[in-house]
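Novice: Questions regarding the structure given below will be posed in turn.
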Amino acid sequence: MRPGFLLAILGLGAFVLLALVFIPSKARIATAEDPAPMISAAGTPGVQPPAQEEPRLAGRAALLEAQPATTAPAKQNAQGETLTRAAREDQHKAQVAARVAQLHDLSRKTDPASLETLLSEVRNPDPEIRQAALEAISQSGNRSAIPGLQEAVAQTENAAEQQAIEEVIDFLKLPTLTEILREQRAINNNAPSDRP
Amino acid sequence: MRNTVKLILVGALLVLGAAQSGAQNTVLKVVQELRFKLTGYYQMSPTENSSTLFRNAGKFTISNNDIINLLEGEVGVIFSSDAKLMLISEIPPGPTPIPVDRTPSVVVRDWFQGEKFDTDVTEYFSAKVLTSIEDTKINKNPLKANGTSYDILSFEMHVTDVSFKLQGFAKMQVSTGTYEQDPKTIIHTGKVDTTGSGEYQVSVIIGVKPVAMIGTIQISGHDVKAYEE
């Protein structure tokens, strides 16, 4: 075979190879949060992962302060005022959604500071944040919250809010399925054997 | 001979490149969080006095912690207190309107030494969208959806000590899911009012106790993530 022809084949092959390798690697999506690798049902046995750091939280005052001051002049047309109001509402919605997400994350924490934060938000003026705080406390299963919730009931005059808090108290007082099963296993293990 | 070897080498390299390209298939999926808040009723032992027989109902609660604890035994993983229950829905190819994934996967998302890992538990705890009736406005280009969806969802758990099936109705909020600021799919979020029944193992000798269940399942989140398969 002629050297020239051979060189042409090798060059073409190298070009195609580079194209196949280079283009897919560019198209590979690099995200800041890559999806977690899936593991099989066998998983990693016997491992207790460490607790995550508690996220820094913006208090309610910070949420209200974050709304931007209106720098528009006093004499502004109606359309401009509507746009500014709409932008503030959108920002408020986003802040509430972020706070709700933070409260849901706290439901998995067992430290007193997290519980205190959740209890403080039970009396937040925003109903969505109040509801999120109550749901987070329910999810946590933390019975240490009961005295704080009872205090919130006493300080609330709204009957619907009182009922919502009392429902959470009743939920926390009940045994969990985990506790029921654990108690049952203990009974089964302590049961006398039929064998002599 | 030398030329033949060179040609074979080029061919092999070409095949290798093609195989590598074919293995990288990226799909987008909707990732949402599940939060269960259920109350279970079971029959306790009866009590009586001289004139009256009392049949007593016991109650317990089921939340995410209990479900994750039950799944630990099946998958052989000890999850941390930070573990979450997630619902992962595929985005099927097709024209707008994009259909809802009727059989999403359920995973437990946890963290180990700062790294996130998902454990697919669908084999033991599955979800189905039985019906989805939308009342929505969907802008075709760019894709933008908002409105309401009336959905019926079911969840089933089958593990060693417990099994149950839940079904419920939800008036879901419909919105647009974006990936890298590009609208990709329609997302349903909301709270499912659910009831169901099941049983739990008391002992090998006694057997199982039936349970009646009621509660809510919150489905939240609008994340669209890329998965390589």
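Novice: What's the long-distance tail for region B:119-209, i.e. % of Cα pairs beyond 16 Å?
Specialist: Details: 2672 of 4095 pairs.
Value for region B:119-209 (Cα pairs over 16 Å): 65 percent.
Novice: Over all alpha-carbon pairs of region A:108-178, lay out the pair-distance distribution in 10 Å bins, whole %, shortest bin first.
Specialist: 21, 60, 18, 1
Novice: Please grab the % of Cα pairs in chain B that end up more than 32 Å from each other. Intermediate results must be reported in sequence, preceding the final value.
Specialist: Working: 9766 of 26106 pairs.
Summing the P(r) of chain B above 32 Å gives 37 percent of all pairs.
Novice: Starting from region A:75-184, pick out the GluC sites (Glu not before Pro) whose DSSP state is loop and whose Cβ has at most 14 other Cβ atoms within 10 Å. Please list the in-between numbers first.
Specialist: On the way: sites: A:Glu81, A:Glu89, A:Glu116, A:Glu121, A:Glu128, A:Glu135, A:Glu151, A:Glu157, A:Glu161, A:Glu166, A:Glu167, A:Glu179, A:Glu183; in loops: A:Glu157.
Those that pass, being in a loop and sparsely packed, are A:Glu157.
Novice: Nearest 10 degrees, 0 to 90: what angle lies between the long axis of helix B:2-23 and the longest principal axis of chain B (Cα atoms)?
Specialist: Helix B:2-23 sits roughly 30 degrees off the main axis of chain B.
Novice: Per residue of B:71-84, count partner chain C-beta atoms within 10 Å of its C-beta, then hand back the mean as an integer.
Specialist: Counting other chains' Cβ atoms within 10 Å and averaging over B:71-84 gives 5.
Novice: If you take the beta carbon distance between B:Ile152 and B:Ser50 as r and set R0 to 41 Å, what does 1/(1 + (r/R0)^6) give as a FRET efficiency, to the nearest 0.05? Don't jump to the answer; show the numbers that get you there.
Specialist: Numbers: r = 49 Å, r/R0 = 1.19.
The value I calculate is 0.25.
Novice: Longest exposed-loop-site-free stretch of chain B, with trypsin sites (Lys or Arg not before Pro), DSSP loop and at most 11 other Cβ within 10 Å?
Specialist: Values: sites that count: B:Arg55, B:Lys140.
For trypsin sites (Lys or Arg not before Pro) (loop position, at most 11 other Cβ atoms within 10 Å), the longest site-free span of chain B is B:141-229.
Novice: To continue, here is another question. At A:Arg182 and B:Lys165, where each label point lies 7 Å from the Cα along Cα→Cβ, what is the point-to-point distance in nanometres?
Specialist: Spacing of the two 7 Å Cα→Cβ label points: 3.1 nm.
Novice: Further, regarding this structure: With every protein chain left in place, what is the accessible area per residue of region B:144-206 in square angstrom, probe 1.4 Å? List each step's numbers first, then the result.
Specialist: Numbers: 2970 Å² over 63 residues.
That works out to 47 Å² for each residue.
Novice: Okay, moving on. Once amide H atoms are placed 1.01 Å from N in the peptide plane, what residues at a sequence separation of 5 or more from B:Ser80, or on another chain, have their amide H within under 5 Å of its amide H?
Specialist: When sequence neighbours closer than 5 places are left aside, the close amide H contacts are B:Trp111.
Novice: Am I reading the A/B interface right? What is its buried accessible area, both sides, 1.4 Å probe, to the nearest 100 Å²? Before the final figure, lay out the partial values.
Specialist: Numbers: alone 15440 and 14160 Å², together 24490 Å².
Interface area, both chains combined: 5100 Å², rounded to the nearest 100.
Novice: Note the angle between two axes, namely the Cα long axis of helix B:64-75 and the longest principal axis of the Cα atoms of chain B, as a number of degrees from 0 to 90, rounded to the nearest 10.
Specialist: Computed tilt is about 60 degrees.
The values are calculated or read from the model by the stated rules, or taken from the named source; none is laboratory data. Keep in mind that what you see is a predicted model, and the values were worked out from it rather than measured. Glycine gets a Cβ as well: all are built from the backbone with ideal geometry, and neighbour counts include every protein chain shown. Just so you know, the surface numbers come from the protein's heavy atoms only, side chains and all, with ligands and any DNA or RNA stripped out. Shrake-Rupley method; radii C 1.70, N 1.55, O 1.52, S 1.80 Å.
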